[in-house]
1. If I ask for residues that are without any contact (Cβ under 8 Å) to a residue 24 or more places away in the chain and within 26 Å of PHE264 (Cα to Cα), which ones from the range 373-417 would you list?
2. Restricting attention to the range 614-634, and to residues there that are under 19 Å from PRO441 (Cβ atoms) and of a type in the set (A, V, I, L, M, F, W, C), which single residue is surrounded by the fewest Cβ atoms within 10 Å (Cβ to Cβ)?
3. Please enumerate the residues belonging to the range 437-456 that are within 24 Å of ILE733 (Cα to Cα), in a loop (DSSP other than H, G, I, E, B) and not hydroxyl-bearing (Ser, Thr, Tyr).
4. Out of the range 78-109, which residues are out of contact with any Pro (no Cβ under 7 Å at 6 or more places or on another chain) and in a loop (DSSP other than H, G, I, E, B)?
5. Could you list all residues from the range 549-596 that are touching a helix residue (DSSP H, G or I) at 6+ places or on another chain (Cβ under 7 Å) and of a type outside the set (A, V, I, L, M)?
6. If you scan the range 237-276, which residues turn out to be more than 16 Å from the chain's Cα centre (by Cα) and at positive phi?
7. Looking at the range 540-564, I want the residues that are closer than 20 Å to ALA595 by Cβ and among the acidic types (Asp, Glu) and have a partner that is in a helix (DSSP H, G or I) and modelled with pLDDT of 95 or more with Cβ atoms under 7 Å, at least 6 apart or on another chain. Which pairs are those?
8. Among the residues in the range 341-360, are any aliphatic (A, V, I, L, M), part of a helix (DSSP H, G or I) and free of Cβ contacts under 8 Å to residues at least 60 places away in the same chain?
Amino acid sequence: MASILEESGFNPGADLKIVGTNPIKHDGLDKVMGRAKFGADAFLPGMLVGKILRSPHAHANIKSIDTSKAEALPGVKAVITSSDFPEKKAGTPPGDMTRNVMAREKALYDGHPVAAVAATSEKIAKQALKLIEVDYEILPHVIDPVEAMKPDAPILHDYLRTKGMEGAEDKQTNVTERMVTQLGDIDAGFEEADVIVERSFDSKPMHQGYIEPQGCIADYSEDGQIEVWCCTQAPFVYRDRLSAILDIDCNKINVQQSELGGGFGGKTGFYGEPLAIMLSKKASRAVKIVLSRIEVFRGTGPVSGTSYSIKMGCKKDGTITAASAEMIFQAGPYAGSMYFNAPNAMFTRYDLKNVDITAYEVLSNRQKVASFRAPCVPQIVFGVEGVVDEMARKIEMDPIDFRLKNACEDGHTTIYGDTWGPIGFIETLKQAKETDHYKTPVKEGEGRGISTGFWFNRGGETAASLNLAPDGTVTIATGTADVAGSRISISMMAAEELGIPVDQVRVKMVDTNSLGFNRVTAGSRTTFSVGMVIVDSARKCIAELRRRAAEIWDVPEDGVIFEEGMVRPASANVGDFEPMSIADICKKTTMSHGAISGHTEMNVTGAGPGFAVNIVDVKVDEKTGRTDVTRYTVVQDVGKAIHPDQVVGQIQGGAIQGVGWALNEEYIYGDDGRLQNAGFLDYRMPVASDVPMVDTVMVEVPNPAHPFGLRGVGEVPVVPTMAAVGNAIGDAIGIRPTSLPMSPPKVLDIIEEAKAEGVYKG
């Protein structure tokens, strides 16, 4: 059976007119001129201001809440607590979601919402919060996931029992689940090894770093219809989750997405929306909630912290014989860390025969985690690639050659059951070795690190409509959020398929009432999935254009072809007819036959995996422990770059985010369990002066499952970054760091250790 790629006639070397170029983004001017509407920009007449009262304790029973004084304050129109939400069983997905957005029996982290108010002004709303009296019984708390696993640790939920572990049925625990992944014979694999390296690692929770705080408006009408405006990566998922926790039919909830001022996975979970809805219901007016920056840090989900060990063995010729790991992932007070990605991705780019991985998800008294690019994988690859690098050094083998020796090839079957092909991992490694960066000797006093990364890429449920206007221009309706410029990429694929200029196509991200279900914009799925759907919709339009032209010319449909935006007779035998453009046909037939459109719903499959290689040079200050990245090159397989400039931006952005995670970024908690650095003044993110220009090399190994050969590119860039920086620091100092972030105090300790052991290279 021919692939979609073959059926489309796409050839990576073909003379494509639009795909592979860099047209100006259609929404670019609105964003740079300030006309784009983000979450906080929405406004409804008569709307109220909503504010949230948050727990000051990391763990406390809520004995009582007295809202009477707040309700009596002039200007206050509604006050809600957990009692205003439908009761949901604890430990179920709706029950956990309900309790995360509004604490019920207990407050489980610093910043956990316990009440909310709606008032005629922000000043009055803040005054009302101060009048709410909450009687807390403070309980012992636990932040660190390793500590949370100990027998004497404070228990967050009496009902919790560990899944996937024998004998756990009767034991209270903070461990939600144990996942074991095995392949081959691990003991035999280590017996074969000439060199074995085993190391322990850890990483701290960190923030996604989006610029725009969460904001929303909810309007609960008298007939039970609910309109929600919000900045989200997941409008349809929001709708379905709101339906589940509020006991309201999906068809009564309409979620309208605003522009998104950054997300990176952090806007896949909701926070203020359910509160705004219930306040609006109670007040009979629209309610707007916009989180402050401090609330974003205290009340939304960071990246999962980890503690883990890696053990790997290899032969003297570089063949990896075995790999094992034991990992602990921090989830916050409720399950949902997406920790299952790690066992499936951590070793996957290497052709290993013997693997043994055990992973645990552990609850603790801090915010429920949220996604971040390639969730739960980059912090683990930090350790894996560190161990891989150490093995290469021990057998005195070039680090890229070592990875090439073990690299997966086309036809590889993964530990999770997928068979790959074609893939571009080997090509990225070879290209990395040929870069000027790699060929240039390391500067004196600096270190160089190499790392590789993998991400599955995703497909999933996607729906879109393509509509031809009477003048031949095109509008597209899609339900996926535009987080990284997908509008222009979608426009380009539609224009390429229809043979028209890209400025004749416009894309609209529509509300949940306008289309069928669309999965969350995450996992590097959007351009791939919507592209599949849009190409199918365009082909439906082309079929209808051919049918109508055949009717106009009174010839069989197979006597009509469509090429380069024109309908033409298939041959001279069909007849002597002037070719017609899309506009020609639409003008002639719209009034008689109706508009021409194509609509497609599809559970998209075939997302080709993505691979990247990072080369990083660093300079470490011996006196301060400060690490400066001096040179950075990324080589990544992108399948086919639809809009190359955007692809480069995705790659560079991921690398820079990874540098922040590598060197500075972490949530810091006090002994009282409260977050100490809830703001960008204390939470150190990279700025332009912190990083050099990130050089990019795009490798194009087309994905045969997509009409234009593309692969998702958004997740992969961050996966190898911390490992590459860590390997570079190790090369510069003599001992490789094992804890993220590799902040100056930690690096200073390593320098002292290296000096004591006589291996310091500075």
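The values are calculated or read from the model by the stated rules, or taken from the named source; none is laboratory data. Just so we're clear, the structure is a prediction, and the values are computed from it rather than from any experiment. Cβ sites come from the backbone with ideal geometry, for glycine too, and all protein chains shown count toward neighbours.
1. Scanning the range 373-417 gives no hits.
2. Looking at residues that are under 19 Å from PRO441 (Cβ atoms) and of a type in the set (A, V, I, L, M, F, W, C), I get VAL629.
3. PRO441, VAL442, LYS443, GLU444, GLY445
4. Within the range 78-109, THR81, PHE85, PRO86, GLU87, LYS89, ALA90, GLY91, THR92, ARG104, GLU105 qualify.
5. Selection gives PRO556, GLU557, GLY559, PHE562, GLY565, PRO569, GLY575, PHE577, LYS588, THR589, HIS593.
6. Residue satisfying the conditions is ASP247 alone.
7. Final answer for the pair search is GLU557/ARG546; GLU557/ARG547; GLU557/ALA550.
8. Among the residues of the range 341-360, at least one is aliphatic (A, V, I, L, M), part of a helix (DSSP H, G or I) and free of Cβ contacts under 8 Å to residues at least 60 places away in the same chain, which makes the answer yes.
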